[in-house]
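Here is the structure we will look at, set down as structure tokens.
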Amino acid sequence: MKESAILFKNVSRVFSVRHNDIAGTVKAVDGISLDIRDGEFFSLLGPSGSGKTTSLRMIAGFDRPTSGSILLYGQDVSNLPPYERDVNTVFQDYALFPHMTVGENVAYGLMIKKVSKAERQKKADEMLDLVRLPGFADRKPAQLSGGQRQRVALARALINHPKVLLLDEPLGALDLKLRQQMQVELKSIQQRVGITFIFVTHDQEEALTMSDRIAVFNLGKIEQVGTPAEVYEHPATTFVASFVGTSNLVSGEVAKRITGSDTRFSIRPEKIRLGSMSDKIDADMVSADGVVRDVVYIGLFTRYLIELEGGGDLVVVEQNLNTTSMDVMKAKSQKVRLIWKKEHVRHVEG
Amino acid sequence: MPSKSPAQPGERASWILKISAIAALLFLHIPMWLIFLYSFTTEESAYSFPPPGLTLKWIPQAIATPAMQDALFLTLKVAALATITALILGTLAAAAVYRYEFFGKEAISFMLVLPLALPGIVTGIAMRSAIGLMTIPFSFWTIVIGHATFCVVVVYNNVLARFRRTGGTMVEASMDLGANSFQTFLHIILPNMASALLAGAILAFSLSFDEVIVTTFTAGNQQTLPIWIFSQMLKPRNRPITNVTAMLVVLITAIPILIAQRIVASSHDTEGNK
Amino acid sequence: MLNRISTFFYLRPRLVLALMLIPPLLWFLVVYIGSLMTMLLNSFFYLDGFTGKVVREFTLKTYLKLLDPTNLQIFGRTTLMAVLVTFACILIAFPLSYYMARFTSGRFKTFLYLAVTIPLWSSYVVRVYSWKLILAKEGIITWFANLVHLNGLLDAYLKLPGVGGTSLSISPTGIFIVFVYIWLPYMIIPIQTALERVPKSLIEASSDLGARPSETFRTVILPLAFPGVIAGSIFTFSLTLGDFIVPQLYGTSSYYIGKAVLTYQGTSGNIPLAAAFTMGPIVIMIVYLLIAKKLGAFDAL
């Protein structure tokens, strides 16, 4: 196993808040331990207010832990200011310096290090090439599009060759097409420069696409850490199951009728096959009968809402292999048998 | 939802509105322009309209008047010192309010705006009371202290607005890239604040330059230019000189303000880095 | 070295905050609030009529003096003037503000904005002075009245008790005109700022829902402009209450608060009475400011 790039040891961050003269505290990060390895593309995934951004800010040094410690390649950096950490950040709003040209922005880190002007320019041009913005050095940030600013911010953060690069929802402001293109590009840049990337996002699809591993945050705690496949296929908690992808969550009486146990389980909509009442059930299969209540045709696939006989609903997604929108609509109000493999049933906590 | 008709109702100003707007503007400006006209009238002892004739002779005479010169020089000194003090205090307060959360934060703006929002006579008589109670002698410094107090809020407002517009992540970005607080201040904060500071300074300067109410209570026997003009108005001795001096004051205050507005406007243009 | 100093402060944000706050806070607490306190203190002293010296003993008799009929008249006269000036300013400012906010853009808007702000920031005394040229007996108004043969009407107006005087330049009417002129920009800017914030979509929504323009104006625009009007009125009201320059230059023998304060502290050296007098406008304004703050008028400044 590779060495740790970032190690969180039982880190908490408590903010004191005052609202309408009532003072209180909020635990933004609540006793987190986390090990991010060298060279990883690691995502911190969670809804807003889940503690992922605070965690990132503590790695960057903009915030300090209330308790616990953060190690950067073995060195305790919990109380180092940002300028003494070998970590750089791509900000959500890019934070380009409006009074400087693109070239000066990119070379800023080198200027602070007192690198000669000629050397600075050369390096800045190299970085602009890397992010595919050659010849933009003399423009002002205000003259760039959102996607271009994003690339400048990336070039600026990479020029110091940090040990770890932090990305705070950098793709949030871009439109869908550009976002997908940047996802691919970020990944390839990461592989080329070989730096550990820590990526904060609330977009589960983005996290699944890009990451080597993902930490799912909720309410200041980490719910699960794992590869995209692990997190998707084996959600450890109810929260992960519902936040990452869509899941049917079944519990209580309904669960007992299907699996024989009343422990709560999750089943992904795409794992369920829509069969007819005469279909036989194999030993490694599970089934439930119900009536199709709703059909939504979405082109690539169709989504069905099934009302189960014993109560409760299940969502089923089927690829449109050879059906048309006319065909799928006929399924409405039909009695159906839902069949899926036992191994896809995930018992979840909470 | 598409609008019901291409011509949006109420989109064009009615002629009543236009006329009222123009009338208000003329009301606001014609008197000032008259000062310029009367600076060139040949009449010495009355405000007859139309002026019987025009002359340039009062301008050199006014500029050569020793009392006017003394007053002008004193006013410039006071305004300069009051502006510098206000710059320091206003910027510190704005930075603190922008960067930090602390108890009583909302009260700060309220307190700073009080000297300008409460009647000028309140600040004036309050300072006069302090001067009287502690038997402080009237001096150049008592004028400066009074002026600086009501100038602070102007700088504060300008600087705070700029802080809010430029946003905090630039400072974080700079530190993130290896710059310590001093380097960040020099390379990032100062260049981005410079025009706001300049605009605030100019406004503070103008405010101090023509202040008369507070000054009346803190100046003792010294005459700033506005006080000199005021005394000339009470006992008109030399109307043409007063007219020319008045014109001079308009120019000295209005031109820098035009520049300040330009600065603020141009910084809006180069922004767009959101 | 610098790095270490920087880090020292970076890790102690509370210390940095204290260093930033202490100078302005100290200045305001000592110079401003301190002065206000001495004023309050002074108002409880009294002037010995024989020696002409201030006696530093706690007493309420200075405040009792405020209840003299002449002094009550001064308060009443000044407050009435402030109210009239404020309403006149609203009436004149609103169309211009509305026009600026709704029907102008780009350079023209900037031009108008400058046209309003330059008088606001520059040459208070000179602007007060300028009306002498207009209102004087031999000035423009008289010239114009003669031109259209209405000088009889002007003379008749000047003879009216309460508003007239020897000439327009020495009359309550003169004071009123000059006040309105001087404080008008303080009313235009806040109203314009408030109207500027009314989103176009809101107006469109209102007309889309079937409101006639006059209804939209009454039900959508006026309520939203209200904080601006309040903010502006704080200025016009407060500035009128405390001004002594204009009554001094354009006034007849009747006193206003500012002029009275100036006279008490100056010629008679009666600082206690001047201080007590000043408490009047302070109390009025503090109440006014608190109400305005509740109404959200400060957001429009």
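When C:Phe179, C:Phe144 are checked against the criterion of being more than 7 Å from chain B (Cβ to nearest Cβ) and in contact (Cβ under 8 Å) with a residue 40 or more places away in the chain, C:Phe179 stands alone in meeting it. Among the residues of segment B:106-160, those that are more than 10 Å from chain C (Cβ to nearest Cβ) and open to solvent by 30 Å² or more (accessible area, probe 1.4 Å) comprise B:Ala107, B:Thr135, B:Ile136, B:Pro137, B:Phe138, B:Ser139, B:Phe140, B:Trp141, B:Asn158.
In segment A:96-112 there is at least one residue that is buried (at least 21 other Cβ atoms within 10 Å of the Cβ) and in contact (Cβ under 8 Å) with a residue 60 or more places away in the chain. Looking across segment B:161-176, the residues that are within 14 Å of chain C (Cβ to nearest Cβ) and either crowded, with 20+ Cβ neighbours inside 10 Å or part of a helix (DSSP H, G or I) (or both) come down to B:Ala161, B:Phe163, B:Arg164, B:Val171, B:Glu172, B:Ser174, B:Met175, B:Asp176.
If we scan segment C:16-35, do we find a residue that is at pLDDT below 90 and more than 7 Å from every other protein chain (Cβ to nearest Cβ)? No: segment C:16-35 contains no residue that is at pLDDT below 90 and more than 7 Å from every other protein chain (Cβ to nearest Cβ). When C:Val198 is tested against (1) part of a helix (DSSP H, G or I); (2) open to solvent by less than 50 Å² (accessible area, probe 1.4 Å), exactly one condition is not met: (1). Of all the listed residues (A:Gln148, A:Gln92, A:Gln121), the sole one being open to solvent by 40 Å² or more (accessible area, probe 1.4 Å), not acidic (Asp, Glu) and not in a helix (DSSP H, G or I) is A:Gln92. Every condition in (1) more than 11 Å from A:Trp340 (Cβ to Cβ); (2) open to solvent by 70 Å² or more (accessible area, probe 1.4 Å); (3) in contact with a Lys or Arg (Cβ under 6 Å, 6 or more places away or on another chain) holds for A:Val295 except the one numbered (2). You will find that of B:Ala94, B:Ala148, B:Ala86, the residue that is modelled with pLDDT of 90 or more and touching a Cys at 6+ places or on another chain (Cβ under 7 Å) is B:Ala86 and no other. A:Lys332 satisfies every condition listed in (1) assigned to a loop (DSSP other than H, G, I, E, B); (2) among the basic types (Lys, Arg); (3) open to solvent by less than 80 Å² (accessible area, probe 1.4 Å) except (3).
The number of residues in segment B:180-189 that are within 10 Å of another protein chain (Cβ to nearest Cβ) and under 16 Å from B:Gly167 (Cα atoms) comes to 4.
Taken together, A:Leu34, A:Leu7, A:Leu45 contain a single residue that is in contact with a Gly (Cβ under 9 Å, 6 or more places away or on another chain) and in contact (Cβ under 8 Å) with a residue 60 or more places away in the chain, which is A:Leu7.
Here's the yes/no breakdown for (1) on the phi > 0 side of the Ramachandran plot; (2) open to solvent by 10 Å² or more (accessible area, probe 1.4 Å); (3) of a type in the set (S, T, N, Q):
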site	(1), (2), (3)
C:Tyr99	no, yes, no
C:Thr110	no, yes, yes
C:Tyr113	no, yes, no
C:Ile141	no, yes, no
C:Asn146	no, yes, yes
C:Pro172	no, yes, no
C:Pro185	no, no, no
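Looking across segment B:64-75, the residues that are assigned to a helix (DSSP H, G or I) and free of Cβ contacts under 8 Å to residues at least 24 places away in the same chain come down to B:Pro66, B:Gln69, B:Phe73. Examine segment A:250-259 for a residue that is basic (Lys, Arg) and either within 20 Å of A:Ile339 (Cβ to Cβ) or loosely packed, with under 14 Cβ neighbours inside 10 Å (or both), and state whether such a residue exists. Yes - at least one qualifying residue is present in segment A:250-259.
Being within 30 Å of A:Glu230 (Cβ to Cβ) and either of a type in the set (Val, Ile, Thr) or open to solvent by 60 Å² or more (accessible area, probe 1.4 Å) (or both) is true of A:Glu343. Pairing each residue of segment C:64-76 that is under 13 Å from C:Ser254 (Cα atoms) with any residue that is not aliphatic (A, V, I, L, M), provided the two are 6+ apart or on different chains, yields C-beta distances under 6 Å for C:Ile74/C:Tyr255; C:Phe75/C:Gly280. Being touching a strand residue (DSSP E or B) at 6+ places or on another chain (Cβ under 9 Å) and either assigned by TED's automatic domain parsing to the domain that holds A:Gly226 or at positive phi (or both) is a description that does not apply to A:Phe97. Within segment C:60-67, identify whether any single residue is more than 9 Å from chain B (Cβ to nearest Cβ), of a type in the set (Phe, Trp, Tyr) and either farther than 27 Å from B:Ala13 by Cα or assigned to a helix (DSSP H, G or I) (or both), and answer yes or no. Yes, segment C:60-67 has at least one match. Taken together, the residues in segment B:35-44 that are open to solvent by 20 Å² or more (accessible area, probe 1.4 Å) and over 22 Å from the mean Cα position of the chain (by Cα) amount to 5.
Close contacts from segment C:193-222, counting a first residue that is more than 11 Å from chain B (Cβ to nearest Cβ) and modelled with pLDDT of 75 or more and a second that is open to solvent by 60 Å² or more (accessible area, probe 1.4 Å) and not in a helix (DSSP H, G or I), with Cβ to Cβ under 8 Å and a gap of 6+ residues or different chains, come to C:Thr193/C:Leu301. Kindly indicate whether A:Asp129 is open to solvent by 10 Å² or more (accessible area, probe 1.4 Å), free of Cβ contacts under 8 Å to residues at least 60 places away in the same chain, assigned by TED's automatic domain parsing to the domain that holds A:Val184 and not in a loop (DSSP other than H, G, I, E, B). Considered against the rule, which asks whether it is open to solvent by 10 Å² or more (accessible area, probe 1.4 Å), free of Cβ contacts under 8 Å to residues at least 60 places away in the same chain, assigned by TED's automatic domain parsing to the domain that holds A:Val184 and not in a loop (DSSP other than H, G, I, E, B), A:Asp129 comes out as yes. The condition (being more than 30 Å from A:Ala157 (Cα to Cα), surrounded by 21 or more Cβ atoms within 10 Å (Cβ to Cβ) and not assigned by TED's automatic domain parsing to the domain that holds A:Gly172) is satisfied by just one residue among A:Ser266, A:Ser287: A:Ser266. Taken over segment B:177-217, the residue count meeting the criterion of being buried (at least 24 other Cβ atoms within 10 Å of the Cβ) and either among the basic types (Lys, Arg) or free of Cβ contacts under 8 Å to residues at least 12 places away in the same chain (or both) is 2.
Among the residues making up segment A:95-118, those that are within 10 Å of chain B (Cβ to nearest Cβ) and not in a helix (DSSP H, G or I) are A:Ala95, A:Leu96, A:Phe97, A:Pro98, A:His99, A:Met100, A:Lys113. Can you confirm whether segment C:88-95 contains a residue that is among the hydrophobic types (A, V, I, L, M, F, W, C), modelled with pLDDT of 90 or more and open to solvent by 40 Å² or more (accessible area, probe 1.4 Å)? Yes: one or more hits. Which condition from (1) surrounded by fewer than 19 Cβ atoms within 10 Å (Cβ to Cβ); (2) among the polar types (S, T, N, Q); (3) part of a helix (DSSP H, G or I) is the one that B:Asn221 breaks? Here B:Asn221 meets the rest and fails (3).
The values are calculated or read from the model by the stated rules, or taken from the named source; none is laboratory data. It should be emphasised that the depicted structure is a prediction, and the values quoted were computed from it without experimental measurement. Glycine gets a Cβ as well: all are built from the backbone with ideal geometry, and neighbour counts include every protein chain shown. In case anyone asks, the SASA skips ligands and DNA or RNA and just uses the protein heavy atoms, side chains included. Shrake-Rupley method; radii C 1.70, N 1.55, O 1.52, S 1.80 Å.
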